[in-house]
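Okay, structure first, notes after.
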Amino acid sequence: MPSRNSGRRAGGTAAEAVAVALRAMTSDAAAGSRRAASRIGDAADAAGLVDIAYGTVDTPIGALLVAVSRRGVTRVAFEEEIGDTVIELSDDTTMRVLRSARGTDEVRRQLEEYFGGRRHEFDVSVDWSELHGFTRKVLRETARIPFGSVLTYREVAGRAGNSRAMRAAGNALHANPVPIVVPCHRVIRTGGGLGGYGGRLDRKEALLRMEGSLL
Amino acid sequence: MALHTLLLEVVDVEPRRGEVGGGGGRPHGTRGVPESLRPPPFEDFLEANRTAVYRFLLASAGPDADDCFQETFLSALRAYPRLRDESNLRAWALAIATRKVIDSARSRARRPVPVEDVGEAASSADPAPVDANDPLWQALRTLPPRQRAAVAHRFVLDLSYAEIAAALGGSEEAARANVYQGLKKLRERMGNDDAFEE
């Protein structure tokens, strides 16, 4: 108790003694507020105040960020993109973007099951609202490719309505905001080459190997 | 006073459903607002203000600090998409927290305290942020909530009387009087309590 009395004994005023006692009482505020702040995302989600909830999940191809809007999964980002993706999502401050385990629970669980070999299909809604035109058609078709099979860029372009638009299809797949959930890794070159992948080619290879599409 | 009027307006108004993530298409309400007037992302606002708010609440809400903290930032979050003036977000956060302290003291006065206290303590995984039996808290809790808040603002956060007035929603003279009365009572209680004597 020395700190509470030192102000007074040193001839301090009433105000100083009170200030010293109150500072001692509140000295743990940094740690306490960190704990309290870490619960805000889940509480806000429970209260329906979150527009985009995000969270991370550890997988064999690195940590993944998942972001879920009121409409569904709106973003899946690979480890090295996580920081930029959170900044990008948070940029529009009319959208309430918060880290929340609660708000991302379902998609994180399904991704864990997928990487654990216990799930072949994702049963989550995707937020298609920002995807338009040919890009949307290509990704919609890609979402239908089942686990364990692949299509060529030409085939996907064809299903989306224009088999000659292979390059446009490739661009759409490269810009896929929800990789893995919309399995753009299941689209390869006509000759059997892997083609490209937004999230590094070794990841595409690992995913196709995991699904048994690549030996 | 102008700031405070704005604050009350913002805190009280619930954003309309559909304006935020409701209907068709992602809204871009901040697009037309100059960059400098846009508030930061909510999580940055939370990170920048959490410690000051919590420090204030430890002294003014004691064992209820965690509940008040959550209510403060959920209220802020509710209003956040409509927020335009970034000039003093800390003052805004503290004004909301101050109101939570006053509201929580009022609702606490209306309900039978002991039973609920036991229930909360038993169900909560974390220890209370301030021990309900702490002699300083025992002295603080006897103050009227406005005085308790004013004392916390003055002596924990070192706010000016103008800032305290903004947080309490009154004049600077009223803020001064609240600090003075609170301090006086606190000294009396501390002086009469053996726990504060050596």
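From the residues in region B:109-131 that are surrounded by 13 or more Cβ atoms within 10 Å (Cβ to Cβ) and within 13 Å of chain A (Cβ to nearest Cβ), which one is modelled with the lowest pLDDT? Lay out the reasoning, then the answer.
Keep residues of region B:109-131 that are surrounded by 13 or more Cβ atoms within 10 Å (Cβ to Cβ), which gives B:117, B:120, B:128-131.
With the extra rule that they be within 13 Å of chain A (Cβ to nearest Cβ), the set shrinks to B:128-131.
Values: B:Ala128: 85, B:Pro129: 90, B:Val130: 91, B:Asp131: 90.
My answer is B:Ala128.
For region A:95-131: of the residues being within 14 Å of another protein chain (Cβ to nearest Cβ) and among the aliphatic types (A, V, I, L, M), which is farthest from A:Gly212 (Cα to Cα)? Only one residue fits best here, namely A:Met95.
Scanning region B:75-88 for residues that are surrounded by fewer than 18 Cβ atoms within 10 Å (Cβ to Cβ) and modelled with pLDDT of 95 or more returns no hits.
Working only within region B:79-91, note down all residues that are touching a helix residue (DSSP H, G or I) at 6+ places or on another chain (Cβ under 8 Å) and within 14 Å of chain A (Cβ to nearest Cβ). I'd like the intermediate steps shown before the answer.
So the first thing to find is which residues in region B:79-91 are touching a helix residue (DSSP H, G or I) at 6+ places or on another chain (Cβ under 8 Å), and the list is B:79-80, B:82-91.
Hits for region B:79-91 are B:Ala79, B:Tyr80, B:Arg82, B:Leu83, B:Arg84, B:Asp85, B:Glu86, B:Leu89, B:Arg90.
Taking residues in region A:131-146 that are touching a residue at least 40 places away in the same chain (Cβ under 8 Å), and partners anywhere that are charged (D, E, K, R), the pairs with Cβ atoms closer than 8 Å and at least 6 places apart or on different chains are A:Thr142/A:Arg186; A:Ile145/A:Arg186. Within region A:25-73, the set of residues being polar (S, T, N, Q) and in contact (Cβ under 8 Å) with a residue 12 or more places away in the chain comprises A:Thr56, A:Thr59, A:Ser69. Within region A:73-94, if we keep just the residues that are within 12 Å of chain B (Cβ to nearest Cβ) and closer than 23 Å to A:Leu139 by Cα, the residue that is surrounded by the most Cβ atoms within 10 Å (Cβ to Cβ) turns out to be A:Thr74. Take A:Gly103 and decide whether it is over 20 Å from the mean Cα position of the chain (by Cα) and either in contact (Cβ under 8 Å) with a residue 24 or more places away in the chain or buried (at least 16 other Cβ atoms within 10 Å of the Cβ) (or both). It is false that A:Gly103 is over 20 Å from the mean Cα position of the chain (by Cα) and either in contact (Cβ under 8 Å) with a residue 24 or more places away in the chain or buried (at least 16 other Cβ atoms within 10 Å of the Cβ) (or both). Scan region A:26-54 for residues that are facing chain B (nearest Cβ under 7 Å) and not charged (D, E, K, R) and the total you get is 12. Kindly indicate whether B:Arg106 is assigned to a helix (DSSP H, G or I), more than 10 Å from chain A (Cβ to nearest Cβ) and farther than 23 Å from A:Asp28 by Cα. Yes.
Is it fair to say B:Val101 is more than 16 Å from B:Arg38 (Cβ to Cβ), part of a helix (DSSP H, G or I), at pLDDT 90 or above and of a type outside the set (S, T, N, Q)? For B:Val101, the condition - more than 16 Å from B:Arg38 (Cβ to Cβ), part of a helix (DSSP H, G or I), at pLDDT 90 or above and of a type outside the set (S, T, N, Q) - is met. Picking from residues in region B:50-60 that are more than 9 Å from the chain's Cα centre (by Cα) and not hydroxyl-bearing (Ser, Thr, Tyr), the one that is surrounded by the fewest Cβ atoms within 10 Å (Cβ to Cβ) is B:Ala52.
The values are calculated or read from the model by the stated rules, or taken from the named source; none is laboratory data. These numbers were taken from a predicted model, which means no experiment stands behind them. Methodologically, a virtual Cβ is constructed for each residue, glycine included, from the backbone with ideal geometry; neighbour enumeration extends over all protein chains shown.
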